[in-house]
1. When 1/r is averaged over all different Cα pairs and the result inverted, which Kirkwood radius in Å belongs to segment 36-77?
2. For the ranges 63-71, 18-26, what's the packing order if you count other beta-carbon atoms within 10 Å of each residue, average per peptide, and put the highest first?
3. Considering Cα pairs under 8 angstrom that are at least six residues apart, work out the relative contact order of the chain and quote it in whole percent.
4. Run through the DSSP bridge list for the chain and note the antiparallel percent, rounded to the nearest 5.
5. Size of the chain along its principal axes in angstrom, Cα-based, largest extent first?
6. On a 0 to 90 degree scale, rounded to 10, what angle separates helix 27-37 from the longest Cα axis of the chain?
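Every number in this text was worked out from the coordinates using simple rules, so none of it is lab data. All values reported here derive from a predicted model rather than from experimental measurement. FYI the Cβ positions are ideal-geometry reconstructions off the backbone, even for glycines, and counts take in every protein chain you see.
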């Protein structure tokens, strides 16, 4: 699966994208995996601050943390945007 990082997440992960060689997993498992790999993501995932888009659709509309993703999917992660 292809993971794309945007905003502050690029600074945390030190990359814009990466490929994970996995067959399938739930979004909750992906969050756990990425938190272990990038500990600074933990707080944002716990607060549900990171927007997750799977193949152009927000995961909150596809089953939330139980959404099953597979190796063909493209997952975009967006950090919270500050505004004013």
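1. Working: mean 1/r = 0.0898 Å⁻¹.
It works out to 11.1 Å.
2. Working: 63-71: 14.6, 18-26: 12.1.
In descending order of packing, they fall as 63-71, 18-26.
3. Working: 119 pairs, mean separation 37.8, N = 84.
So the answer I get is 45 percent.
4. Values: 12 of 17 bridges.
Restricted to the chain, the bridges split so that about 70 percent are antiparallel.
5. Computed over the Cα atoms, the extents are 38, 26, 20 Å.
6. With rounding to tens, the tilt is 60 degrees.
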